[in-house]
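See below for the structure under consideration.
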Amino acid sequence: MDEEYDVIVLGTGLTECILSGLLSVEGKKVLHMDRNDYYGGDSASLNLTQLYRKFRPDQAPPAELGRDRDYAVDLIPKFIIASGELTKILVHTDVTRYLDFKQIAGSFVYRDGRISKVPSTEMEAVKSPLMGLFEKRRAKKFFEFLQGWRDEDPATHQGINLDKDSMKTVYEKFGLEPGTQDFIGHAMALYLDDDYITKPARETYSRVVLYTSSMARYGKSPYIYPLYGLGELPQSFARLSAIYGGTYMLDKAIDEIITDSDGNFVGVRSGSETVKAKQVIGDPSYFGAGKESEGGKIRVVEDGKVVRAICILKHPIPGTDDSDSVQIIIPQNQVNRRNDIYIAMVSSTHNVCAKDVYVAIVSTIVETDKPELEIAPGLQLLGPIYDKFVSVSPLYTPVSSGERDNIFITRSYDATSHFETVVEEVQDVWQRVTGEELKLKKREEASADK
Ligand SMILES: *[C@@H]1O[C@H](CO)[C@@H](O)[C@H](O)[C@H]1NC(C)=O
């Protein structure tokens, strides 16, 4: 290992794999290492044996759950927005050639104690049981306004300036109720909290339009999902990186991050070998996460916790028209919380479990010292639960941007059930590592550059 690299990437989670793939395409010399003997880190998908071994080492998987090889259970559940940023990266890098996708069959939201489909057009709004008669009319006008908006045509603006007026102003103009605002802001614009309401409406407008245009692509929901589980995603980006000369080393202990006397990155030590590079990118677990410090230096801090319950069901979720896969969002205000509760369910249609089994993951950001109680409103929607694996994971965040010492640490995966925040993280790390904004090049162009 005496070669010198441009970048060493530690950990093969999705964020790290997208970055190593994109950096390799840019012509950087990348070494990608993982302490595990499998790809994916926390973004891996597990078979039944691995799932029970992880959560319940003393118990073998029940025979009635079927064959081990039919299972690919995600540890961190997320769906891909059909017209979203991850799709753009997948298409531009041509990583889509390694993957098959299926749509998610339903997108639901919780309001006043029950779940309903998220309406995404003015036509669906008028049929939606989410709203009363008068509210439907107001929502119809609101959706017509969004769909009709043309930047260059002031007649479509109805007196609103998207760049100056807040979303509050827009909601008030159409007279929308707080419960309606909840599903627009959280189940369509996918905001994590209500801060957006006082900000200029443009961003919310763009997010709602992304939701509706993604919905229009496949019809049932705006989300798609890779066959055989999310673990396929990091592996596909690793393949991309390898094609562009990236070197992979799995099952490699990372014993030390070596720095010079100023604390700047020099290399990585594994056993008695040291490998040097200009920069290092890695997930928090390689930089002393969960420990007081490493080499006397604190590089990551805990910034909250996320609770996730992987639930095995023998039936589709009640009230979802027997959908084989769904997302359900419980907006924070609906259950007196500060963070939304997310439910992501997939099944054998996506080749992630045996026939007649459904895997639903309920997650949220922890607010109290009783995390399992916090997800109760989500668990209650599932009907009888055959088996349940609950975990509470710390969310780590780096203490510095890495621009000074060339040590770039990614954040832990949040509780959202879609990938938009993962892509924001990729864009942010890319900007810090390269000093430039991430601009997607087509893979063909990239190879022609070489
Ligand atoms: C499931 O995982 C275990 C442990 O990694 C492995 O030994 C086994 O081969 C896997 N089963 C299948 C069917 O892939």
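Identify, from the list I89, I80, the residue that is of a type in the set (A, V, I, L, M) and in a helix (DSSP H, G or I).
Details: I80 fails: in a helix (DSSP H, G or I).
On inspection, the qualifying residue turns out to be I89.
Does T156 satisfy being more than 16 Å from M215 (Cβ to Cβ), within 26 Å of the chain's Cα centre (by Cα) and away from the ligand (no atom under 16 Å from the Cβ)?
Answer is no for this residue.
All told, Y38 meets the bar of being assigned to a loop (DSSP other than H, G, I, E, B) and within 16 Å of the ligand (Cβ to nearest atom). Taking the range 336-353, which residues are surrounded by fewer than 17 Cβ atoms within 10 Å (Cβ to Cβ) and not polar (S, T, N, Q)? Hit for the range 336-353 is R338, nothing else.
The residue pairs whose first member lies in the range 44-68 and is under 21 Å from G231 (Cα atoms) and touching a residue at least 12 places away in the same chain (Cβ under 8 Å), whose second member is among the polar types (S, T, N, Q) and within 14 Å of the ligand (Cβ to nearest atom), and whose beta carbons are closer than 6 Å, counting only pairs six or more residues apart or on different chains, are D68/N47; D68/T49.
Would you confirm whether or not the range 19-33 contains a residue that is within 16 Å of the ligand (Cβ to nearest atom) and in a loop (DSSP other than H, G, I, E, B)? Scanning the range 19-33 turns up no residue that is within 16 Å of the ligand (Cβ to nearest atom) and in a loop (DSSP other than H, G, I, E, B).
Name every residue in the range 108-139 that is part of a helix (DSSP H, G or I) and in contact with a Lys or Arg (Cβ under 7 Å, 6 or more places away or on another chain), in order of residue number. Answer for the range 108-139, where residues must be part of a helix (DSSP H, G or I) and in contact with a Lys or Arg (Cβ under 7 Å, 6 or more places away or on another chain): E122, A125, V126. Just one of the listed residues (R56, R69, R97, R111) is away from the ligand (no atom under 16 Å from the Cβ) and either more than 29 Å from D321 (Cβ to Cβ) or modelled with pLDDT of 95 or more (or both), namely R97.
Among the residues making up the range 8-66, those that are under 20 Å from K276 (Cα atoms) and of a type in the set (A, V, I, L, M) are I8, V9, L10, L19, L23, V30, L31, M33. Out of the range 1-29, which residues are surrounded by fewer than 21 Cβ atoms within 10 Å (Cβ to Cβ) and over 13 Å from T434 (Cβ atoms)? Residues satisfying the conditions are M1, D2, E3, E4, K29. Within the range 207-229, if we keep just the residues that are out of contact with any Leu (no Cβ under 6 Å at 6 or more places or on another chain) and over 20 Å from A189 (Cβ atoms), the residue that is most open to solvent (accessible area, probe 1.4 Å) turns out to be Y228.
Of all residues in the range 383-400, which are under 13 Å from D414 (Cα atoms) and surrounded by 14 or more Cβ atoms within 10 Å (Cβ to Cβ)? Within the range 383-400, S393, P394, L395, Y396, T397 meet the criteria.
T49 - would you say it is within 16 Å of the ligand (Cβ to nearest atom) and at pLDDT 95 or above?
No: the conditions fail for T49.
The values are calculated or read from the model by the stated rules, or taken from the named source; none is laboratory data. Model, not experiment: these values are computed from the prediction. Glycine gets a Cβ as well: all are built from the backbone with ideal geometry, and neighbour counts include every protein chain shown. Accessible surface is based on the protein model in full, side chains and every heavy atom, while ligands, DNA and RNA are left aside. Shrake-Rupley method; radii C 1.70, N 1.55, O 1.52, S 1.80 Å.
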